[in-house]
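Chemist: Provided herewith is a single structure, encoded as structure tokens, for subsequent inquiry.
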Amino acid sequence: MSVLASEWLKIRSVRSSHLTVSISLGGILLGLGLAWMAVDMYDHATPAQKPGARLAELEEVVLMVPQLCMGVLGVLATTSEYATGFIRTSLTAVPKRWPVMAGKSVVVGVIALFTGSAVIFATYFVCRALIADRFGGLYQIPFTDKLPLLTALALTVPVFALLGVGLGSILRTASGSIVVLVGAVYVVPIIVGNLPQPWSDLLGSVMIGALPHEITRDTTTNTVYGSLLPPVAAAAVLVTYALLPLLAGTWLLCRRDV
Amino acid sequence: MPQPNGVIDLQHLTKRYGRTLAVDDLSFTVLPGHVTGFLGPNGAGKSTTMRLVLGLDAPSSGAALVNGKRYASLPRPMHEVGALLDAGAMHGGRSAFNHLLCLARTNGIGPGRVSEMLERVGLAGVAQKHVGGFSLGMKQRLGIAAALLGDPGVLMFDEPVNGLDPDGVRWIRDLMRSLAAEGRTILLSSHLMSEMALTADHIVIVGRGKLIAEETVQELTTRYPSLEDAYLALTAGSLEYGASGS
Ligand SMILES: Nc1ncnc2c1ncn2[C@@H]1O[C@H](COP(=O)(O)OP(=O)(O)O)[C@@H](O)[C@H]1O
Ligand SMILES: [Mg+2]
């Protein structure tokens, strides 16, 4: 309990945390801007063009912002302690070590959960209000039908944050961990998408971006990823993304000299 | 058997980093009530020994015990041991107050005690300032405040006067002596005998990871013309790292 209070104070007493949360919330403004542009474009299209006009779900587009920012928050929560040498003082205060990782994970995970949910749901409602019945009724699907998917999308944000904590603890440098994290969001999915079949669909089904759709068996949106996993398996993969690096990082923290 | 209180006990402590033998079969005991100087040329293994005592590094063999127990097994270690290893080891963007409170919270220590310690080391006026802007002397004081948070009976300071101005050196020296006078155990490392002469009562000299001498200042001064001579004579064979300690 006391370690949790300490980790909460550690996070909230440095500027980078406020910055990553603020930029994440800026994702809502990005969604607003994109929705406004889309509306403008749609309203200026000819009647013949309108039925064919397509738009990607904007909350899924802006999701990358909180994913990356909260991932960075997680990375910095661990690596800043190594960079400053503060880790030695921290571990002197808590020589069992694992509670430090547990405390960080809870704090970072909760912040990311709130931030991610705020971005996803706010963006969704902004888009729903602005876009209304445009783009073939994309935002006319009842909210209750969208709720499972939106929830699953929001959950990927704490997954990224915990992935960041885990990577930070394994690699112990911010730059290395952020490179791996960005690779996981941008680079790997592109490579996987360009692999020959069946690899593209097989590996595409375990990309983080594919999992919310698989978990909720969502049919309201098109996904660029594979969708081969049943819900339970997809949920297990999502949890694994968060927990495996975290457990590896904790194991290493408990064994390594600092 | 009563718990040994305020005792640091090294038993054949050994630490290897790859091919470097940083601490080599080191055994000695530090007792309460006086300042024990931990002296040796740069690279002698002083910092490593302190990290081993704090459980930050795992010994290759042997053991380091505090009050008869391994440090890592202490439930609230800040109440038993305080340490200052590296004054710069803090997040520059955090205020002095929050820096201390982050540590205090883990051991169930409240903000009142944090303020009290900031007062004690003369940093109360800059409690809300970011530590990134602190001078080395201020960081040393903050590090000492951190070590004192839990009112521990055992204190370890690794070269605390390095880089300090004369006022800072005097302040630390007086603090060490007053802490020892309160009955605490103080282990104070330095590579300068001149520093020890003014502060320590007992002296442990190490070179290349090995114990060279463990004596009182009085014993050394009777055997050698001066403490400086004692140090040079005793460590003559241990200066293979090219560090003369000056
Ligand atoms: N983490 C480490 N990895 C490798 N070698 C180390 C490490 N820490 C210390 N050493 C080596 O161990 C020896 C003792 O170092 P140290 O304990 O820092 O000495 P001192 O504090 O007495 O100057 C030195 O040769 C140093 O290079
Ligand atoms: Mg040293």
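Coordinate-derived values only; no laboratory data. Since this is a predicted model, take the numbers as computed values, not measurements. All Cβ positions, glycine included, derive from the backbone under ideal geometry; neighbour counts span all protein chains shown.
The rows are residues; the columns are (1) among the polar types (S, T, N, Q); (2) in contact (Cβ under 8 Å) with a residue 40 or more places away in the chain; (3) within 16 Å of ligand 1 (Cβ to nearest atom); (4) farther than 21 Å from A:Trp8 by Cα.
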site: B:Ala104; (1), (2), (3), (4): no, yes, no, no
site: B:Met117; (1), (2), (3), (4): no, no, no, yes
site: B:Gly132; (1), (2), (3), (4): no, yes, no, no
site: B:Ala145; (1), (2), (3), (4): no, yes, no, yes
site: B:Gly150; (1), (2), (3), (4): no, yes, no, no
site: B:Gly153; (1), (2), (3), (4): no, yes, no, yes
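Chemist: Here's a follow-up. One residue is enough: does the range B:141-164 have a residue meeting the conditions facing another protein chain (nearest Cβ under 9 Å), farther than 28 Å from B:Thr20 by Cβ and among the charged types (D, E, K, R)?
Modeler: no
Chemist: Also, I was wondering about something else. Keeping to the range B:10-25, report how many residues are away from ligand 1 (no atom under 11 Å from the Cβ) and in contact with a Lys or Arg (Cβ under 8 Å, 6 or more places away or on another chain).
Modeler: Matching residues across the range B:10-25 total 1.
Chemist: Search the range B:32-65 for residues being in a strand (DSSP E or B) and touching a residue at least 60 places away in the same chain (Cβ under 8 Å), and hand back the single one that is farthest from ligand 1 (Cβ to nearest atom).
Modeler: Residues of the range B:32-65 that are in a strand (DSSP E or B), as a first pass: B:35-39, B:61-65.
Within this subset, residues satisfying the condition of being touching a residue at least 60 places away in the same chain (Cβ under 8 Å) are B:35-39.
Numbers: B:Val35: 18, B:Thr36: 15, B:Gly37: 13, B:Phe38: 9, B:Leu39: 9 Å.
Filtering the range B:32-65 for residues that are in a strand (DSSP E or B) and touching a residue at least 60 places away in the same chain (Cβ under 8 Å), the one farthest from ligand 1 (Cβ to nearest atom) comes out as B:Val35.
Chemist: Okay, moving on. Could you figure out which of (1) of a type in the set (A, V, I, L, M, F, W, C); (2) outside any loop (DSSP other than H, G, I, E, B); (3) in contact with a Phe, Trp or Tyr (Cβ under 9 Å, 6 or more places away or on another chain); (4) closer than 30 Å to B:Gly55 by Cβ isn't true of A:Leu246?
Modeler: Condition not satisfied by A:Leu246: (3).
Chemist: Considering only the range A:77-89, state which residues are buried (at least 24 other Cβ atoms within 10 Å of the Cβ) and at the interface with chain B (Cβ under 10 Å from one of its Cβ atoms).
Modeler: Listed by number, the residues that qualify are A:Glu81, A:Thr89.
Chemist: So B:Gly110 passes all but one of these: (1) within 14 Å of chain A (Cβ to nearest Cβ); (2) surrounded by 22 or more Cβ atoms within 10 Å (Cβ to Cβ). Which condition number does it fail?
Modeler: (2) is the only condition that B:Gly110 fails.
Chemist: Further question on the same structure: Run B:Pro75 past the list (1) more than 30 Å from B:Ala124 (Cα to Cα); (2) outside any helix (DSSP H, G or I) and report the number of the one that doesn't hold.
Modeler: Here B:Pro75 clears every test but (1).
Chemist: Name the single residue, out of those in the range B:50-73 being within 12 Å of chain A (Cβ to nearest Cβ) and polar (S, T, N, Q), that is nearest to B:Val204 (Cα to Cα).
Modeler: B:Ser60
Chemist: Quick check on this structure: which one of B:Gly43, B:Gly18, B:Gly88 is surrounded by fewer than 18 Cβ atoms within 10 Å (Cβ to Cβ) and within 23 Å of B:Lys210 (Cα to Cα)?
Modeler: None of the other options fit; the residue is B:Gly18.
Chemist: Any chance you could count how many residues in the range A:15-57 are within 14 Å of chain B (Cβ to nearest Cβ) and either of a type in the set (Phe, Trp, Tyr) or surrounded by fewer than 19 Cβ atoms within 10 Å (Cβ to Cβ) (or both)?
Modeler: Qualifying residue count for the region: 4.
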